[in-house]
Amino acid sequence: MGMKGGFLITLLLVVVNALGQSDVVISQYIETNSGTTPKGIEVFNVSGAAIDFSVTNLQVYQGTNGGGCGSIVTISSGILDVDEVWVIGTSDLTTYANTNGTDLSGTTTYNFGFNGDDALQLYLGGVVQDEFGTCGSDPGSSWNSGGVDTRNNNLQLKDGICDGASSWTDPSIRY
């Protein structure tokens, strides 16, 4: 009986963990080390299926200087293909992505005002998918740990990470 019970608990844990799988993640965070541009994020489709934003809107939320996160960008048209990215950012960033990008489904121009201590959240169809930093928390000038600093840097998601985070204070775990 103990063996069967252990198997059932393990099976239930696997099923419960699978329910939280993200469809999109923030795969790159771009913040210039001087001036206000370029700034933006790259959103990667890890779902295994194309995502039609006219059916399932993509939203970006931002929390500034420790404030709670609120909606700043909504994308309601375009298709993000499987294993491709959508770049959201300043015009110079989206122009560069359109000219030089690979595996790029589309871009949205938005003048982000974030800096290294502002949190971001990614929603798809009203469901949180990923978070950069921690909404409602002010880390000072940036989240900085393990040799990774969120201020004035271009951070790329580590290979093998294909699920979102609910929040974090140590960027070196993901980037």
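For the reader, a short list of remarks on this structure follows.
- Gap separating the Cα centres of the range 47-75 and the range 135-175, nearest whole Å: 18 Å
- Once the Kirkwood radius over Cα pairs is known for the range 61-175, the Stokes-Einstein relation at 20 °C and 1.002 mPa s delivers a diffusion coefficient of 142 µm²/s.
- Approximate spin-label separation Thr37-Asp83, in nm, with each point projected 7 Å along Cα-to-Cβ: 3.3 nm
- For the chain, built as a Gaussian network whose Cα springs stay under 10 Å, the top-fluctuating residue of Thr32, Thr109, Thr99: Thr99
- Placing Cys69, Cys162 in order of accessible area, with the largest value first and a 1.4 Å probe, yields Cys162, Cys69.
- Rounded to 10°, Cα long-axis angle of helix 91-100 versus longest principal axis of the chain: 70 degrees
- Label-to-label distance, Asn152 versus Thr64, with points set 7 angstrom from Cα along the beta-carbon direction: 2.1 nm.
- Net charge dipole size for the chain [Lys, Arg +1 and Asp, Glu -1 on Cβ; Debye, nearest 20]: 320 debye
- Accessible surface ranking that places the most exposed of Asp52, Asp117, Asp159 first, with a 1.4 angstrom probe: Asp159, Asp52, Asp117
- Taking Cβ separations below 4.7 Å as the criterion for a possible disulfide partner, the isolated cysteines in the chain are Cys162.
- Carbon/sulfur fraction of accessible area - the range 36-160, other protein chains in place, 1.4 Å, %: 42 percent
- Bridge type composition, the range 11-136 - antiparallel percent by DSSP, nearest 5: 85 percent
- Accessible surface ranking that places the most exposed of Val55, Val73, Val127 first, with a 1.4 angstrom probe: Val55, Val127, Val73
- Close amide-amide hydrogen proximity is noted between Leu104 and Val85, each under 5 Å apart and 5 or more residues distant or on a separate chain (H modeled in the peptide plane; Pro and chain starts excluded).
- Max mean-square fluctuation residue, GNM over the chain, Cα-Cα springs under 10 Å, options Ser22, Ser77, Ser91: Ser77
- Inverse mean reciprocal Cα-Cα distance (Kirkwood Rh) of the range 52-105, Å: 12.7 Å
- For the chain, the relative contact order works out to 25 percent when only alpha carbon pairs closer than 8 Å and six or more residues apart are counted.
- Accessible area per residue in Å² at 1.4 Å probe, computed on the chain: 50 Å²
- Spin-label model, Ile173 to Ser91: label points 7 Å out along the Cα-to-beta-carbon direction sit 3.9 nm apart.
- Folded to 0 to 90 degrees: helix 2-18 orientation relative to the chain principal axis, Cα: 20 degrees
- Karplus (6.51, -1.76, 1.60) ³J(HN,Hα), θ = phi - 60°, over the range 25-41, in Hz, Gly and Pro reported as x: 9, 7, 8, 8, 10, 10, 9, 5, 8, 7, x, 10, 9, x, 9, x, 9
The values are calculated or read from the model by the stated rules, or taken from the named source; none is laboratory data. Remember, it's a predicted structure, so these values are computed and weren't measured experimentally. Cβ: placed from backbone, ideal geometry, glycine included. Neighbour counts: every protein chain shown. The protein model used for the area step is the full one, side chains on, heavy atoms only, and it has no ligands, DNA or RNA in it. Shrake-Rupley method; radii C 1.70, N 1.55, O 1.52, S 1.80 Å.
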